[in-house]
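Contents: one structure, followed by commentary.
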Amino acid sequence: MVAETAREFEALEAQAQTLMAAFVASGHEAVAPAVLQPANVYLDVIGEALRARSYVFCDPDGDEFCLRPDLTVPTCRLHLERHPDGIQKSKYCYNGSAFRFQPRGADAAHPREFRQCGIEWIGATDREKADAKTLATILEALTEAGLTDWKVRIGDLGLFRQLLASVKMPERWRMRLRHQLWRPEAFRQELSKLTTAPSAAGYGMPQELLDVLDPKREAEAVRAVSEYFDKERIEIVGIRPLEEIARSLAQIAADQRAERLPMKTANLIDGYIGVKAPARAAGARVKDLMRDSGVDISPALDRYHKRLQLLADLGVDVTRAEFSAEFGRSLDYYTDFVFEVLVPELGETTPVAGGGRYDGLMKMVGAPGDVPAVGGAIHTERLLAAVRD
């Protein structure tokens with residue numbers, strides 16, 4: 001067993017060296033971001049799905065840290081330490097461990113400690129060019145490591161965001177739909193809710209309380225909910241503070257008063273989410289869907305097609321790329337183009353690589369404003385398993 005483990009380690013190291021050599025050759029600087037990350041910074045930006053799977057602890061001084069669950073955020077923090085304004089154009093690559101709790105138990109494809117070999121491109125203002133080059137570089141590195149049978153699943157949060165911006169609804173509804181995009185069942189449940197008014201009974205609250213709540217008057221909402229809880233002798237159980245409960249109830253009250261989402265609009269959004277097709281055909285399908293509905297998202301569609309053409313110009317076989325409108329990845333910081341590289345040996349739910357654009361992340365970790373950025377990472381244990389098979 002020890003010899004087998006040693007052989008596995010040597011194989012992973014050799015593979016990582018191959019990947020890193022490809023990344024350095026494409027102009028990325030090799031860096032080694034810190035394994036320990038400040039939890040308050042990290043957990044605010046990665047999203048609830050990954051937050052629940054992060055290893056968090058306090059040191060003897062009482063400071064809270066986490067073991068990095070990915071290397072993108074640590075690389076952004078490293079970049080910010082070097083360039084406080086965040087806008088300096090920089091390309092980085094890395095090879096290191098990441099840590100995530102596996103709720104169903106660890107296995108060879110989903111270990112609690114795993115390797116990521118990846119790249120980040122920060123500050124490039126030609127977004128589609130940087131997107132295409134990043135994916136092409138990941139695929140070139142996979143090829144160098146011996147992977148030949150692959151396909152790419154791509155999504156475009158920019159298309160989805162422009163669709164939502166083009167139809168009438170409260171901004172809070174747009175936020176909810178964006179938040180649920182990568183959870184298809186939850187997304188459709190949320191979309192259905194927007195077509196029907198929520199009832200007070202469904203939340204165990206009297207209508208007279210909801211009638212006085214206004215999300216624009218937070219202090220008054222907190223006071224009204226506090227007085228109601230005191231009168232009814234309701235104790236707050238759990239970790240949600242009174243302010244958060246009042247904010248949530250005020251949102252429900254606002255939803256009751258809002259004009260419901262027309263079924264025509266809900267059907268358009270549901271129709272878009274259902275688009276799944278080869279990458280080039282998908283663009284035409286989305287265009288037809290929007291034209292038939294009288295909705296114009298041509299700027300986002302132009303960017304989508306430009307990116308595909310740039311990928312083809314870089315030698316990527318785009319016939320091996322499939323677009324899925326409901327694909328958004330589980331990390332909340334992605335903002336536009338997203339991708340995963342899939343292999344037959346591991347199946348649809350275990351990508352060998354993934355990444356995308358995250359233009360808001362640098363600001364979330366401390367930069368003065370948004371900074372264009374895109375990256376991707378290879379799961380080296382999965383790659384090794386695919387190459388061996």
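The values are calculated or read from the model by the stated rules, or taken from the named source; none is laboratory data. All values reported here derive from a predicted model rather than from experimental measurement. Every residue, glycine as well, gets a Cβ built from its backbone with ideal geometry; the counts of neighbours run over all protein chains shown. Quick note on the areas: whole protein, heavy atoms, side chains included, nothing else; ligands and nucleic acids left out. Shrake-Rupley method; radii C 1.70, N 1.55, O 1.52, S 1.80 Å.
Residues in region 380-389 that are open to solvent by 20 Å² or more (accessible area, probe 1.4 Å) and either assigned to a strand (DSSP E or B) or farther than 16 Å from L71 by Cβ (or both): 4 in all. Of everything in region 118-152 that is among the charged types (D, E, K, R) and more than 24 Å from K91 (Cα to Cα), the residue that is surrounded by the most Cβ atoms within 10 Å (Cβ to Cβ) is K151.
Show the residue pairs meeting these rules: Cβ distance below 7 Å; 6+ apart or different chains; first residue within region 14-34 and closer than 22 Å to R82 by Cα; second residue surrounded by fewer than 17 Cβ atoms within 10 Å (Cβ to Cβ) and of a type in the set (V, I, T). Listed by first residue and then by second, the contacts come to A30/V24.
In the set (1) crowded, with 16+ Cβ neighbours inside 10 Å; (2) touching a strand residue (DSSP E or B) at 6+ places or on another chain (Cβ under 9 Å); (3) not small (G, A, S), the condition left unmet by L210 is number (2).
Restricting attention to region 291-310, and to residues there that are open to solvent by 10 Å² or more (accessible area, probe 1.4 Å) and among the hydrophobic types (A, V, I, L, M, F, W, C), which single residue is nearest to G155 (Cα to Cα)?
Pass one, region 291-310, residues open to solvent by 10 Å² or more (accessible area, probe 1.4 Å): 291-296, 298-299, 301-303, 305-307, 309-310.
Okay, now just the ones that are also among the hydrophobic types (A, V, I, L, M, F, W, C), so 295, 301, 310.
Values: V295: 20, L301: 12, L310: 16 Å.
Ranking the qualifying residues of region 291-310, first place goes to L301.
Just one of (1) farther than 15 Å from Y334 by Cα; (2) touching a Pro at 6+ places or on another chain (Cβ under 8 Å) fails for R127. It is (1). Taking region 346-362 as the range and being of a type in the set (G, A, S) and out of contact with any Asp or Glu (no Cβ under 9 Å at 6 or more places or on another chain) as the test, only G347 passes.
Scan region 263-290 residue by residue and report those that are in contact (Cβ under 8 Å) with a residue 60 or more places away in the chain and either open to solvent by less than 50 Å² (accessible area, probe 1.4 Å) or out of contact with any Leu (no Cβ under 8 Å at 6 or more places or on another chain) (or both). Can you show your working first?
Quick first cut of region 263-290, residues in contact (Cβ under 8 Å) with a residue 60 or more places away in the chain only: 263, 265-266, 268-270, 272-273, 279, 286, 290.
Across region 263-290, the qualifying residues are M263, T265, A266, L268, I269, Y272, I273, A279, V286, M290.
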